[in-house]
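A short write-up of the structure that comes next.
The values are calculated or read from the model by the stated rules, or taken from the named source; none is laboratory data. This structure is a prediction, so every number in the text was calculated from the model and none was measured. Heads up, the Cβs are rebuilt from the backbone with ideal geometry, glycines too, and the neighbour counts pull from every protein chain shown. Heads up: the accessible areas ignore ligands, DNA and RNA and are worked out on the full protein's heavy atoms, side chains in. Shrake-Rupley method; radii C 1.70, N 1.55, O 1.52, S 1.80 Å.
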Amino acid sequence: MNYTLDFTPVIEGLPNLLLACLGTFLLALCGMVLAIVIGIGGVILRDSRFKPLRWLVIGFVEVIRNTPFLVQIFFIYFALPLAGIRLDPTPTAILALGINGGAYAIEIIRGGVQSISKGQMEAGLALGLHKAQVFRFIVLKPALRAIFPSLTSQFVLLTLSTSIASAISAYELTSVSQRIESDSFRSFEVYFTVTLFYLVISWLMMRIFALFSARYFNYPVK
Amino acid sequence: MTQASMTTSAAQAMIAMERVEKWYGAFQALHDINLSVRAGEKIVLCGPSGSGKSTLIRCINHLEAYQKGEIRVGGTVLGHESKTIDAVRREVGMVFQQFNLFPHLTILENCTLAPIRSLGLSKAEAQGRARKLLERVKIAEQAEKYPAQLSGGQQQRVAIARALCMQPKVMLFDEPTSALDPEMVKEVLDTMITLAEEGMTMICVTHEMGFARQVADRVIFMASGAIVEEAPPAEFFTNPRHERTRKFLGEILGRH
Ligand SMILES: Nc1ncnc2c1ncn2[C@@H]1O[C@H](COP(=O)(O)OP(=O)(O)OP(=O)(O)O)[C@@H](O)[C@H]1O
Ligand SMILES: [Mg+2]
């Protein structure tokens, strides 16, 4: 093999790459916050007494889980302007990540809610709390705890799928590295480095989730 | 009892159930239940498994909906709309077989959640009330712990204190000692006896016949979703009128 490694373009592009890592990280974080909101909101609506709302949530989950993420991004990016809403690539990517992650989060969190014993809710109701209060103060935290490992892996996936947002040139690691690669033709060096960066970002996300879990779910269980 | 005297006693009753019927789908779980409980009265409800004891007391705070008849608690007619359900649940405390403490809240928080969120007490007021009641069930020093750190008997006493924090007029107990190790049964029964002596109106589903003898004003025996027999404990245990009651007592007392 007479390929000589040359990391010079990578080293020169390092400030850009590191900034892009931050972009990826923030993109993922914003997407997750939105996904959590959609996930919890969706779970509430999914069991609402109003049937059309339930169908809406079921339909939403089905559509999102059975279509490619790339198509979803394009759809949002090109469909919103038709509705008169013009969003930059990065906000579009956050919206797409939130919607996509939210659909999966609905299913995951719903599983958690269903794992909580009926007795917990009955105890809350018997104490005079309303259904919404029972959900908010009694069910939610133990439910999230029960499914937190699944939620973590879903959100690591979400973090990695930020790279798909390079298709609409959102500010993140993959699109920035593509630019460096096409300027330098040092494909291997660039993607080798980017792979390492993604590993670190994933690892960091998992650490954050583990720390959050240790702090927020700090009560003992039998 | 004449029709007239029945109406008066029902009007003054803390709890009145009249011709109550309840179905789970096609299965009728309660048949023509008539029960009137005076303020301060202690009722023990017993009967074989599946006879409808839980269903009956769960209808009183509308954890189960009933389909026919009428239930009144205090002055309130329990309808199916949230207004009367809320009003009744504020007056009625319930203790479950499985304790049902909230695992993510400390003992103190378990006791203050509903008073704060449902009655609108300030945090300080609710905590003051909770600490007093935890004291009364002899568990004050565990206030900052979590449910999983307590024994079953301690957890059930917390569950009693938690219900009392709402200052209910009535307490319902659904087999409160059945999930406990034998050595913890007494501490929970003692707590219930104290509560009874203080004048609480109580309906207890239990097979603790010693408890029934000691505190019950009336023992009610259910079978197949209907009230078969009711009598003061002395009479109930020594002179049961119905064959099914005798058979049930034979089984349950013979066990000991
Ligand atoms: N949610 C439900 N759906 C259908 N049937 C039910 C439901 N809950 C109870 N039942 C039935 O209603 C009947 C009465 O049940 P209930 O739980 O009130 O009995 P119980 O006297 O409390 O019995 P146990 O001593 O086992 O607690 C039983 O036949 C039971 O199978
Ligand atoms: Mg029962």
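Of all residues in segment B:36-89, those being open to solvent by less than 50 Å² (accessible area, probe 1.4 Å) and of a type in the set (Lys, Arg) number 5. Summed over segment A:117-141, residues that are more than 7 Å from chain B (Cβ to nearest Cβ) and outside any helix (DSSP H, G or I) total 2. Filtered by the rule that a residue be more than 16 Å from ligand 1 (Cβ to nearest atom) and either among the aromatic types (Phe, Trp, Tyr) or assigned to a helix (DSSP H, G or I) (or both), segment B:157-176 gives B:157, B:158, B:159, B:160, B:161, B:162, B:163, B:164. When residue B:208 is tested against the conditions (1) in contact with a strand residue (DSSP E or B) (Cβ under 7 Å, 6 or more places away or on another chain); (2) within 15 Å of ligand 2 (Cβ to nearest atom); (3) open to solvent by 10 Å² or more (accessible area, probe 1.4 Å), the lone failure is (1). Quickly run through segment B:60-85 and pick out the residues that are under 24 Å from residue B:176 (Cα atoms) and either in a helix (DSSP H, G or I) or within 16 Å of ligand 2 (Cβ to nearest atom) (or both). Within segment B:60-85, B:60, B:61, B:63, B:64, B:85 qualify.
For segment B:179-205, filtered to residues that are of a type in the set (Val, Ile, Thr) and within 17 Å of residue B:96 (Cβ to Cβ), the residue that is nearest to ligand 2 (Cβ to nearest atom) is B:205.
Residues in segment B:138-171 that are basic (Lys, Arg), more than 21 Å from residue B:125 (Cβ to Cβ) and more than 12 Å from every other protein chain (Cβ to nearest Cβ) were compared, and the one that is surrounded by the fewest Cβ atoms within 10 Å (Cβ to Cβ) is B:138.
Exactly one residue among B:116, B:57, B:33, B:43 is within 16 Å of ligand 2 (Cβ to nearest atom), within 12 Å of chain A (Cβ to nearest Cβ), of a type outside the set (Phe, Trp, Tyr) and not in a loop (DSSP other than H, G, I, E, B), and that residue is B:57.
Say whether the condition of being farther than 27 Å from residue A:72 by Cα and either basic (Lys, Arg) or modelled with pLDDT under 95 (or both) is met by at least one residue in segment A:191-199. If you could, list the steps in order and put the result at the bottom.
If we filter segment A:191-199 for residues that are farther than 27 Å from residue A:72 by Cα, which is where we start, we get A:192-193, A:196.
Within this subset, residues satisfying the condition of being either basic (Lys, Arg) or modelled with pLDDT under 95 (or both) are A:192-193.
For segment A:191-199, residues farther than 27 Å from residue A:72 by Cα and either basic (Lys, Arg) or modelled with pLDDT under 95 (or both): present.
Only residues that are open to solvent by 20 Å² or more (accessible area, probe 1.4 Å) and more than 9 Å from every other protein chain (Cβ to nearest Cβ) were counted across segment B:92-113, and they come to 1.
Does residue B:199 meet the test of being in a helix (DSSP H, G or I) and open to solvent by less than 60 Å² (accessible area, probe 1.4 Å)?
For residue B:199, the condition - in a helix (DSSP H, G or I) and open to solvent by less than 60 Å² (accessible area, probe 1.4 Å) - is not met.
Please verify whether segment A:159-171 includes one or more residues that are within 14 Å of chain B (Cβ to nearest Cβ) and in a loop (DSSP other than H, G, I, E, B). No; the residues of segment A:159-171 include none that is within 14 Å of chain B (Cβ to nearest Cβ) and in a loop (DSSP other than H, G, I, E, B).
Can you pull out the residues in segment B:119-137 that are of a type in the set (A, V, I, L, M, F, W, C), closer than 24 Å to residue B:151 by Cα, assigned to a helix (DSSP H, G or I) and more than 14 Å from every other protein chain (Cβ to nearest Cβ)? Once the filter is applied, which keeps residues that are of a type in the set (A, V, I, L, M, F, W, C), closer than 24 Å to residue B:151 by Cα, assigned to a helix (DSSP H, G or I) and more than 14 Å from every other protein chain (Cβ to nearest Cβ), segment B:119-137 yields only B:134.
When B:122, B:178, B:118 are checked against the criterion of being hydroxyl-bearing (Ser, Thr, Tyr) and closer than 22 Å to residue B:207 by Cα, B:178 stands alone in meeting it. For residue A:146, the conditions (1) in a helix (DSSP H, G or I); (2) open to solvent by less than 40 Å² (accessible area, probe 1.4 Å) are fulfilled apart from (2).
Please work out which residue is farthest from residue B:24 (Cα to Cα), limiting yourself to segment B:211-224 and to residues that are open to solvent by 10 Å² or more (accessible area, probe 1.4 Å) and either within 15 Å of ligand 1 (Cβ to nearest atom) or small (Gly, Ala, Ser) (or both). For segment B:211-224, the residue satisfying everything is B:216.
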